[in-house]
Amino acid sequence: MLKVLLTGFEPFNGARLNPSEQLVTRMKSDSVPGAQIMTAVLPVVYGEAASHLLALVEEHNPDVVISFGQAEGRISITPERFAVNLNDASIADNKGHIRVDQLIHPNSPTAYESTLPVKELVAALKAEGIPAALSLTAGAFVCNHIFYELQNALKDKDNKSGFVHVPLMTQQQEDFPGLFTMDIETMVLAAKTMVSVLVAKAD
């Protein structure tokens, strides 16, 4: 049985919803055959989000960690290739912190690569008719921050881990007029599809 930890984020920057939160709360422990799924919702606060995530990894020692986050303007499910050693965002986290041109770890690598099979995940999503594309980086806000901290913590371990951005959800159309949205059921199917790929690779 593959142990899988899925995380999402609470709403941020004044929004009412976050599709990554809605996605993971819909994933049950037995949503995917061959996988034991654990879920958590992280605060959109730089240090607190990373600490919470790493504590969960330490407690449960999952075989796979996939963290999800919202990326308004995206038109597909986008697994990220690299976490970059940089906090640099114009908006504040949910405790009012703004970080600009700040290294996450001054003496660590510029970037870490996802250890998820990102190209296989994109191919599997497309095969299910789900809009998907590979993305180079997760930006430089809290999403990237936890991605970098996760990869740094697991760099010498066998756990597979990475980050996936999702578009806005349909219920956010009113709050983000003119931007692409996706129904939450499609996002849940995407999560199940990606976990299924990882279960198959572990067999």
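Quick notes on this one:
- Whole-angstrom gap from region 150-203 to region 19-45, using each part's C-alpha centre: 10 Å
- Inter-probe distance in nm under a simple model that places probes 7 Å from Cα toward Cβ, at residue 55 and residue 137: 3.0 nm
- Residues 20, 114, 31, ranked from the fewest to the most other C-beta atoms within 10 Å, line up as 31, 114, 20.
- Distance between the modelled labels on residue 120 and residue 88, one decimal in nanometres: 3.3 nm (7 Å Cα→Cβ projection).
- When you filter the trypsin sites (Lys or Arg not before Pro) in region 155-203 for DSSP loop state and at most 11 other Cβ atoms inside 10 Å of their Cβ, you are left with 157.
- Per-residue Cβ neighbour rank within 10 angstrom, fewest leading, 16, 99: 16, 99
- When the P(r) is computed for the chain, the part past 25 Å accounts for 30% of the Cα-Cα pairs.
- Here the residues 110, 193, ranked from fewest to most Cβ neighbours within 10 Å of their Cβ, fall in the order 110, 193.
- The helix-only estimate of mean residue ellipticity at 222 nm for the chain, built from DSSP H runs of length n ≥ 4 each weighted as -39500 (n - 2.57), is -10000 deg cm²/dmol after division by the residue total.
- For residue 38, nonlocal amide neighbours, meaning residues 5 or more places apart or on other chains whose placed amide H falls under 5 Å from its own, are 4, 5, 6.
Each reported figure results from applying straightforward, stated rules to the coordinates on display, with no laboratory input. Owing to the predicted nature of the structure, the values given are computational and were not obtained by experimental measurement. Here the Cβ is made from the backbone with ideal geometry for all residues, glycine too, and neighbour counts use every protein chain on show.
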